[in-house]
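The values are calculated or read from the model by the stated rules, or taken from the named source; none is laboratory data. In this text, all values refer to a predicted model and were calculated from it rather than measured experimentally. Every residue, glycine among them, receives a Cβ derived from its backbone with ideal geometry; neighbour counts consider all protein chains shown. Heads up: the accessible areas ignore ligands, DNA and RNA and are worked out on the full protein's heavy atoms, side chains in. Shrake-Rupley method; radii C 1.70, N 1.55, O 1.52, S 1.80 Å.
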Amino acid sequence: MALEHITVLDLTHMLSGPYGTMLLADLGARTIKVEPPGSGEGTRRLLENDPDYSREGMGAYYLTLNRNKESVCVDLKSPAGREVFLDLVRQADVVFDNFSVGVTERLGIDYKALSQVNPRIVTCSVTGFGQTGPQTQRPAFDQVVQAMGGGMSITGTPATGPTRSGIPIGDLGGGMFGAVGVLAALVERDHTGRGQHVDISMLDAQISLLNYMATMYFMSGHVPEGIGNGHFVHVPYNSYPTADGHIIIACIGDAFFERFVECIGLDALRKPEYRQQPVRFAAKAEIDALVGAELRKQGTEHWLEVLRAARIPCGPVNNFAQALADPQVLARDMVVTVPLPSGEAMRMPGNPVKLSGAQPKAFTPPPRLGEQTSEVLGGWLGYPVERLARLREDGVIA
């Protein structure tokens, strides 16, 4: 695996941080969760006893985000626990956290402190607003940064009002950019011999994802509004009801539109002026209504066959059951099985990064709390049995 030579110390909790370290673990990094004794990190508690969404005392959040990881329990608030953690840092490559701003400094485990014991260490912190600026101390969760980042204002329609993304893109975006930042810092370390700190703001991530639409705003001064599933340039480009579901059609450019008109056989769209994009956009409501009325006459599979034969970009609007059973998704190993301690296999989303030089990934179970404490501290760090016993008696490790 590409990152099998890298060791990550995972101090994360909830979603953004654990997702970032999950991506690194999926790429082969040895990822050691460092958790407080007794309770562990907060995600362990989410849905842990839900009859539908838990297995063996582990909820869906924890099961999904913590595959391929190990768990070591260390009390970072105690001086002895901090010393144990610094021993781990001496052997590690990355320390990844999503604590609130200032927590690592108070614990004495910020980049400045850790680089003193390991100049090659790369640290990454994912926070709501980053380490600089006037709002660093404010708490933030997924929907807060979705709202502040502008994306919610263009999701939905003027009638529905702003609508958050159905997936927690605020959290997930922070985790993804955190993983990217860590990889960049590791590559630079190969040239300089020194690590550095990666400062990720979830709000920054949302602003970055605005991409060309933000540039269009700066160019024009026009503040975009929610346009539902339609497009602000192309027509027809929308979700349309069929006799038994919904379908997406994405005609980008005049050539696609002309092919679309021929394959759907709708005479009302054959107006010569519709061959020009500006005219089509001006008549967007009329064209969408005509297309929707025509597509309602047949089922989704009929129209997919017709449109695909004409190479019109299209697709069904799948629910979860349909998306996770799609032949393309399955062929790409995007549904994988992860074993649980009992041997039961759980299905969950796979790794989207396909590297030609990597071997197929065999997923390991999410760890029980402190499951690898003795293995990591005794086997990897070489702590004698007597020291492990004393640290356990003092409540420093578990």
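Is it fair to say SER356 is closer than 30 Å to MET334 by Cβ and either of a type in the set (Ser, Thr, Tyr) or over 32 Å from the mean Cα position of the chain (by Cα) (or both)? So SER356 fits the description; yes. Within the stretch 90-108, the set of residues being of a type outside the set (Lys, Arg) and either over 19 Å from SER16 (Cβ atoms) or in contact with a Leu (Cβ under 6 Å, 6 or more places away or on another chain) (or both) comprises GLN91, ALA92, ASP93, VAL95, ASP97, GLU105, LEU107, GLY108.
Listed by position, the strands (runs of 3 or more DSSP E) enclosed by the stretch 279-361 that each have at least 2 residues that are surrounded by 15 or more Cβ atoms within 10 Å (Cβ to Cβ) and of a type in the set (A, V, I, L, M) are 335-339, 345-349. Each residue in the stretch 362-374 was checked for being exposed (fewer than 15 other Cβ atoms within 10 Å of the Cβ), more than 18 Å from GLU41 (Cα to Cα) and either charged (D, E, K, R) or without any contact (Cβ under 8 Å) to a residue 60 or more places away in the chain (or both), and 1 pass. The set of residues in the stretch 111-130 being among the hydrophobic types (A, V, I, L, M, F, W, C), under 24 Å from TYR19 (Cα atoms) and not in a loop (DSSP other than H, G, I, E, B) consists of LEU114, VAL122, CYS124, VAL126. Apart from one condition, VAL117 fits all of (1) touching a Leu at 6+ places or on another chain (Cβ under 9 Å); (2) open to solvent by 30 Å² or more (accessible area, probe 1.4 Å); (3) under 30 Å from MET348 (Cα atoms); the exception is (3). Filtering HIS197, HIS222, HIS191 for residues that are in contact with a Ser or Thr (Cβ under 6 Å, 6 or more places away or on another chain), open to solvent by 50 Å² or more (accessible area, probe 1.4 Å) and not hydrophobic (A, V, I, L, M, F, W, C) leaves a single hit, HIS197.
Taking GLY130, is it on the phi > 0 side of the Ramachandran plot and open to solvent by less than 30 Å² (accessible area, probe 1.4 Å)? Answer is yes for this residue. Scanning the stretch 155-172 for residues that are of a type outside the set (S, T, N, Q), over 19 Å from PHE320 (Cβ atoms) and not in a helix (DSSP H, G or I) yields GLY156, PRO158, ALA159, GLY161, PRO162.
Can you confirm whether PHE85 is surrounded by 20 or more Cβ atoms within 10 Å (Cβ to Cβ), modelled with pLDDT of 95 or more and outside any loop (DSSP other than H, G, I, E, B)? Criteria met by PHE85. Restricting attention to the stretch 178-207, the residues that are part of a helix (DSSP H, G or I) and closer than 25 Å to VAL103 by Cβ add up to 16.
Restricting the stretch 133-152 to residues that are among the aliphatic types (A, V, I, L, M) and modelled with pLDDT of 95 or more leaves a set whose member that is surrounded by the most Cβ atoms within 10 Å (Cβ to Cβ) is VAL145. Close Cβ contacts (under 7 Å, 6 or more residues apart or on different chains) running from residues in the stretch 153-169 that are open to solvent by 50 Å² or more (accessible area, probe 1.4 Å) to residues that are outside any loop (DSSP other than H, G, I, E, B) and of a type outside the set (S, T, N, Q) comprise PRO162/MET152; THR163/MET152; ARG164/MET152. Return a yes/no flag: does the stretch 29-52 have any residue that is over 25 Å from PRO139 (Cα atoms), open to solvent by less than 20 Å² (accessible area, probe 1.4 Å) and under 19 Å from the mean Cα position of the chain (by Cα). Within the stretch 29-52, one or more residues are over 25 Å from PRO139 (Cα atoms), open to solvent by less than 20 Å² (accessible area, probe 1.4 Å) and under 19 Å from the mean Cα position of the chain (by Cα).
Among residues of the stretch 192-213 that are at pLDDT 95 or above, those with a Cβ under 9 angstrom from a residue that is open to solvent by less than 30 Å² (accessible area, probe 1.4 Å) and among the aromatic types (Phe, Trp, Tyr), sequence gap 6+ or separate chain, pair up as VAL198/PHE96; SER201/PHE129; MET202/PHE129; LEU203/PHE129; ASP204/PHE129.
If the condition is being assigned to a loop (DSSP other than H, G, I, E, B) and not hydroxyl-bearing (Ser, Thr, Tyr), then the stretch 96-110 contributes ASN98, PHE99, VAL101, GLY102, GLY108, ILE109, ASP110.
Sub-9 Å Cβ pairs linking a first residue in the stretch 375-398 that is over 18 Å from VAL34 (Cα atoms) to a second residue that is hydroxyl-bearing (Ser, Thr, Tyr), at least 6 apart or interchain, are VAL385/SER374, ordered by first then second residue.
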